[in-house]
1. With (1) surrounded by fewer than 20 Cβ atoms within 10 Å (Cβ to Cβ); (2) touching a Gly at 6+ places or on another chain (Cβ under 8 Å) as the list, and GLY136 as the residue in question, which single condition is left unmet?
2. Hey, does the range 370-382 have a residue that's among the polar types (S, T, N, Q), within 21 Å of LEU63 (Cβ to Cβ), surrounded by 19 or more Cβ atoms within 10 Å (Cβ to Cβ) and in contact with a Leu (Cβ under 8 Å, 6 or more places away or on another chain)?
3. Can you tell me which residue is farthest from PRO327 (Cα to Cα) among those in the range 345-358 that are modelled with pLDDT of 95 or more and in a loop (DSSP other than H, G, I, E, B)?
4. Check ALA279 against each of (1) within 18 Å of the chain's Cα centre (by Cα); (2) surrounded by 23 or more Cβ atoms within 10 Å (Cβ to Cβ) and name the one condition it does not meet.
5. Got a number for residues in the range 141-179 being more than 22 Å from the chain's Cα centre (by Cα) and either surrounded by fewer than 21 Cβ atoms within 10 Å (Cβ to Cβ) or not assigned by TED's automatic domain parsing to the domain that holds ARG221 (or both)?
6. Could you tell me which residue of the range 22-52 is nearest to the chain's Cα centre (by Cα), considering only residues that are hydroxyl-bearing (Ser, Thr, Tyr) and either assigned to a helix (DSSP H, G or I) or crowded, with 21+ Cβ neighbours inside 10 Å (or both)?
7. With respect to GLY319, is the statement that it is over 18 Å from the mean Cα position of the chain (by Cα) and closer than 26 Å to THR269 by Cβ true?
8. What's the total number of residues in the range 12-33 that are in contact with a Pro (Cβ under 9 Å, 6 or more places away or on another chain) and in contact (Cβ under 8 Å) with a residue 24 or more places away in the chain?
Amino acid sequence: MSRVAILVIDGLGIGAMPDAANPRPGDSAAHTLGHVLDAASGTPRLPVLAALGLGLLHAHRSLGSSTLPGASAGRSALGYIGADTFAGHQTMMGTDMSGTAPALFADHIGTVASALRSAGHRTRVLDEWPVLLVDGCAVVGDNLEADPGLSWNVSARLDDLPFEAILGIARTVRGVAPTVRVIAVGGHGPEPLLRSVRSGADGTAGLDTPASGFYVHDGLRVAHLGVEIDHTRQLPSRAAAAGFPVTFVGKAADILVSPGALHRPAVETSEVLKETITALTRASDALVVANVQETDLAGHQQDARRYASLLEEVDAGLGSVLELMAPGDHLIVTGDHGNDPTIGHPYHTREFVPVLHYAPGLPTRSPTLPDAPTLSHIAVTAAQALGIPSFDL
């Protein structure tokens, strides 16, 4: 029996993919890790990530080239269109997300409004933008933090509408949306939401969630409603069926599904790391999938120094995780896309991501892994480690 921990450092890219310039030509220069390390105040201290092989993928004075026995490192292409957290995690769990297509909210606003009215809601199109105001308090529009067309948001202040009601509106929108995901967002902010609605790139419009104050006030609630996915075929459900306890931590708890899994949502990196360590301590055999979200938020905020500080915090937490790893256990540290805070815009960047695999006790192997064409190979690797049927990808 084994424990497998998959830690996703949200937005950690290590260089632009060949098609990264579509739709933004400047993104061909994206390199989240390299630019964060170069822009940091002083030299970031990342001894654990270095020991796991990160320095083999990007040479930098803060990263050595020596690795722990049992550690290997490689790069992975994303294996899905665009650069999206939801699609990244579903791919990582073994689902082919390469067939999804982007859709702007403006092109479907009439269909959405009709569906909401049929469900008993009041709708109004805002005068300035192609955005819907629902029941006088919920804002429905494009997700301005993702590439245009990948996802739509349904947002409201929890002082105005309970989260269950926000989620109900989002489910109606999901029923007619062609996008990869519809996100229900509830939070606390100091001002009416309409003051934070704005236009975005390429004809998008919606709520500027960072400007709303939701991210800096306690009580944020989020639910990700994705395209129809057969979760029974994904890694977590297969692991659960084989008797392995499954825990989702951080943003992974919002976007992954498995029967009987423990969900430990958290935004603060310290809490994500704490819950990850607790989950690994709880069982001698388990699958733990955790997401560190604050790195992605630092990318959106174009704050490279904050990003570097968070990497140091992750590195320190990984030190405690390594202390729990016994022969037969596996730790995989990766990303789901890039989010270069120095690229000049607040959107995700389409980059390769690192895949750091630590398996103490395994026979000596090459410290460098070949490039993988899709994040789905992580599901294959984890299934093999757990001794459960592999994936036909």
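The values are calculated or read from the model by the stated rules, or taken from the named source; none is laboratory data. On a predicted model such as this, the values are computed, not experimentally measured, just so you know. Neighbour counts run over all protein chains shown; Cβ positions are idealised from the backbone, glycine included.
1. Of everything listed in (1) surrounded by fewer than 20 Cβ atoms within 10 Å (Cβ to Cβ); (2) touching a Gly at 6+ places or on another chain (Cβ under 8 Å), GLY136 misses just condition (2).
2. Residues of the range 370-382 among the polar types (S, T, N, Q): 374, 376, 381.
In the following step, the residues that additionally are within 21 Å of LEU63 (Cβ to Cβ) were identified as none.
No, that holds for no residue.
3. Initially, the range 345-358 is screened for residues modelled with pLDDT of 95 or more, giving 349-358.
Filter once more, so that each one left must be in a loop (DSSP other than H, G, I, E, B): 350, 352.
Details: ARG350: 35, PHE352: 29 Å.
Taking the candidates together, the pick is ARG350.
4. Only one criterion in (1) within 18 Å of the chain's Cα centre (by Cα); (2) surrounded by 23 or more Cβ atoms within 10 Å (Cβ to Cβ) is unmet by ALA279, namely (1).
5. Here the count works out to 10.
6. Restricting to residues being hydroxyl-bearing (Ser, Thr, Tyr) and either assigned to a helix (DSSP H, G or I) or crowded, with 21+ Cβ neighbours inside 10 Å (or both), the top hit is THR32.
7. On the way: over 18 Å from the mean Cα position of the chain (by Cα): yes; closer than 26 Å to THR269 by Cβ: yes.
Criteria met by GLY319.
8. 6
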